[in-house]
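Remarks on the structure that follows.
The values are calculated or read from the model by the stated rules, or taken from the named source; none is laboratory data. Treat the numbers as computed from the prediction; the structure is a model and nothing was measured. Methodologically, a virtual Cβ is constructed for each residue, glycine included, from the backbone with ideal geometry; neighbour enumeration extends over all protein chains shown.
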């Protein structure tokens with residue numbers, strides 16, 4: 001039985017669109033000697049205005065996640081991280097308004113020699129991870145940060161600490 005025009009139109013709207021494909025984002029958690037992490041306060045433009053987030057953005061066609069993370073860090077802060085110092089921290093899949101997005105976070109120690117500028121957002125500053133619970137955080141970032149901190153702490157102690165779960169912030173310690 002031949003299909004009618006209504007069935008063809010229905011099939012057309014079921015086809016994947018560029019907005020519904022899996023997208024990728026990558027960022028860097030720069031960590032200073034105190035153990036504080038570099039975060040950016042987003043401005044009033046774009047999604048999630050006035051939320052704190054790690055420095056990062058979309059992975060461009062032809063880029064690896066690591067290349068995108070390094071590029072985004074340089075574009076947003078002027079800081080150029082040594083590729084050998086960049087380490088995988090965590091990845092999560094987020095549901096966004098345009099479809100699923102895999103967000104990957106790398107970490108690196110801050111070399112204390114290059115200045116950090118703010119080329120995007122309202123400000124970029126190092127933040128004590130113990131204060132994350134008091135900050136308005138971009139969706140998915142809290143989990144990425146917690147998983148990355150766990151990946152740093154676990155090898156030191158041989159386990160993942162109970163007070164730094166993947167979906168919560170680290171507890172405050174005296």
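The test for being assigned to a strand (DSSP E or B), touching a strand residue (DSSP E or B) at 6+ places or on another chain (Cβ under 7 Å), surrounded by 17 or more Cβ atoms within 10 Å (Cβ to Cβ) and modelled with pLDDT of 85 or more does not hold for residue 144.
On the stretch given as region 59-104, residues that are closer than 19 Å to residue 148 by Cα and part of a strand (DSSP E or B) total 12. Output yes when any residue across region 36-57 is in a helix (DSSP H, G or I), closer than 18 Å to residue 145 by Cα and either at pLDDT 95 or above or touching a strand residue (DSSP E or B) at 6+ places or on another chain (Cβ under 6 Å) (or both), and no when none is. No, there is no match, as no residue in region 36-57 is in a helix (DSSP H, G or I), closer than 18 Å to residue 145 by Cα and either at pLDDT 95 or above or touching a strand residue (DSSP E or B) at 6+ places or on another chain (Cβ under 6 Å) (or both). Restricting attention to region 87-100, the residues that are farther than 15 Å from residue 142 by Cα and either under 11 Å from the mean Cα position of the chain (by Cα) or modelled with pLDDT of 95 or more (or both) total 2. Residues of region 66-77 that are more than 18 Å from residue 121 (Cβ to Cβ) and surrounded by fewer than 20 Cβ atoms within 10 Å (Cβ to Cβ): 66, 67. Note on region 111-134: among residues that are in a loop (DSSP other than H, G, I, E, B), touching a residue at least 40 places away in the same chain (Cβ under 8 Å) and in contact with a helix residue (DSSP H, G or I) (Cβ under 9 Å, 6 or more places away or on another chain), the one that is surrounded by the most Cβ atoms within 10 Å (Cβ to Cβ) is 121.
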